[in-house]
Amino acid sequence: MKRIMVQKLSYRYPDGTKALNDISFEVTENQKVAVIGHNGSGKSTLLCILSALLLPTSGMVQINDSNVTHENKILIRKSTGILFSQVEYQFIMPDIINDVMLSINNGDNEEKYLQAMDIIKQVNLADVAFHHPLSLSSGQMKRAALASVLAKNPSVLLLDEPLANLDKPSSDAVINILLQLTIPIVFATHSKYLVEHVAQRIIVLEKGTIVMDDTAKSNKVKKYLQTILT
C-alpha cells in the first residue's frame, strides 16, 4: 500500500523563495526513508508539507489516499505524527504523563492514563513519567516528545533531525524505538549513524530537487553519504 504519494511537488515561500521544485516519490507500508541534503535543500519544508503544516504551491501530495489540501489538512494532521528537531517546543502539559494523554483521542481519563503509561514504558521513561519535560536530559526529552507523537497512533511518522544534540547512548535509545515501529517513517537527517542503522532507502535533495532516490545499500548513494552526512 502506498502511504505517501508525491507527484511534481513544488513549494514557494511567500517571499518568492522556491524551496522544492517538481519532486516526485512514493513511500509504501513500513518503509523507513532517510531524506538527506545540505542545509537549505528543502528537507524540513518537505516534512511540513507531508504533515499538512504547509500546503503545496503546485503538484499533488497524498497521505493515505487523501490529498494534502486546505480542506483535508486537519484530517492529514491527525493521521501523521511529526517530531521537530527542537522538541522542547512540542510540550504543552506540566508533566510527561499528561502530555502523552493529551495526544490520545479515545477512552475516558482512566483508559487514556493506562494507554499513556504503556507508551511511556515503551520509550523507557516510566521512572520520570510525572516529571516536567523540560527538566529531563536531551535524550529523555526526545523520547518523551516521541511518546506524545506515537500516542496519536499515526499511520505515518515524520522526523526532523531526530538525533540532533544526542550522545551515543541517547541516539541508540531512539534508534531502538524506531526499529520496532511498523509504520512508514520519513526522516530528515545529517546523521550517518542514524542512516546506517535505520534507513532502508535514501532520498537526496539538492536545492529543492531530488538528485538520488535509491536503496540504502546502493553504491550510487555512497558519494552523497560521504559529502553530506557527519
Along the charge dipole of the chain, which of Ser58, Val221, Leu166 sits closest to the positive end, that is, farthest toward it, with unit charges on the beta carbon of Lys, Arg, Asp and Glu (+1, +1, -1, -1)?
Val221
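Given 0.36 nm per residue, what is the gain on full extension from Tyr193 to Ala216 after removing their alpha carbon distance, in nm? If you can, show how the numbers build up before the last one.
Values: separation 23, 0.36 × 23 = 8.28 nm, distance 1.26 nm.
Full extension from Tyr193 to Ala216 adds 7.0 nm.
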Quick one: helix 168-180 against the long Cα principal axis of the chain, what's the angle to the nearest 10°, folded into 0 to 90?
80 degrees
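Could you grab the relative contact order for the chain? Cα pairs under 8 Å, six or more apart, rounded to a whole percent.
Numbers: 447 pairs, mean separation 61.7, N = 230.
Relative contact order here is 27 percent.
Sorted by average packing, counted as other Cβ atoms within 10 angstrom per residue and highest first, what order do 140-147, 219-226 take? Let's see the in-between values first.
Values: 140-147: 24.5, 219-226: 13.4.
Peptide ranking by packing, descending: 140-147, 219-226.
So, counting K/R as plus one and D/E as minus one, what does the shell of residues with Cβ under 12 Å around Pro154 add up to? Provide the component values of the computation, followed by the final result.
Values: positive: Arg3, Arg77, Lys78, Lys152; negative: none.
Computed value for this residue: +4.
Rounded to the nearest 20 Debye, what is the dipole magnitude of region 1-55 about its Cα centre when Lys and Arg each give +1 and Asp and Glu each give -1 at the C-beta?
Numbers: 7 positive and 4 negative charges, 7 e Å.
Here the size comes out at about 40 debye.
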Shape call for region 1-132, from the Cα gyration tensor axes a ≥ b ≥ c (a/c under 1.5 means rounded, otherwise prolate when a/b beats b/c, else oblate), comes out prolate
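Using a probe of 1.4 angstrom, how much of the accessible area of region 1-81 is carbon and sulfur, in percent?
Values: 1840 of 3770 Å².
Result for region 1-81: 49 percent of the exposed heavy-atom area is carbon or sulfur.
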Listed residue pairs exceeding 28 Å between alpha carbons, taken from Lys8/Lys32; Lys18/Lys73; Lys2/Lys121; Lys2/Lys152; Lys73/Lys192:
Lys2/Lys121; Lys73/Lys192
Expressed as a whole number of Å, what is the distance separating the alpha-carbon centroids of region 124-192 and region 61-81?
23 Å
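Once you have a ≥ b ≥ c as the square roots of the Cα gyration tensor eigenvalues for region 81-143, tell me rounded if a/c is under 1.5, and otherwise prolate or oblate according to whether a/b is larger than b/c.
Values: a/c = 1.81, a/b = 1.46, b/c = 1.25.
Because a/c hits 1.5 or more and a/b exceeds b/c, region 81-143 counts as prolate.
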Sites Ser137 and Glu26, calculated FRET efficiency, Cβ-Cβ separation with R0 35 Å, nearest 0.05:
0.40
Asn39-Asn105 FRET efficiency (beta carbon distance; Förster radius 30 Å; 0.05 resolution)
0.25
The chain, helix-only ellipticity at 222 nm - DSSP H runs n ≥ 4, -39,500 (n - 2.57), divided by all residues, nearest 500:
-9500 deg cm²/dmol
Estimated translational D of region 120-230 in µm²/s (Stokes, Kirkwood radius over Cα pairs; 37 °C; 0.692 mPa s)
216 µm²/s
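For region 162-226, what class follows from the C-alpha gyration tensor (a ≥ b ≥ c being the square roots of its eigenvalues): rounded when a/c is under 1.5, otherwise prolate if a/b is larger than b/c, else oblate?
Since a/c reaches 1.5 and a/b is larger than b/c, the shape of region 162-226 is classed as prolate.
The values are calculated or read from the model by the stated rules, or taken from the named source; none is laboratory data. For clarity, every value in this text was computed on a predicted model and none was experimentally measured. Note that each Cβ is placed from the backbone with ideal geometry, even for glycine, and that neighbours are counted across all protein chains shown. Side chains are part of the model used for accessible areas, which takes the heavy atoms of the whole protein and leaves out ligands, DNA and RNA. Shrake-Rupley method; radii C 1.70, N 1.55, O 1.52, S 1.80 Å.
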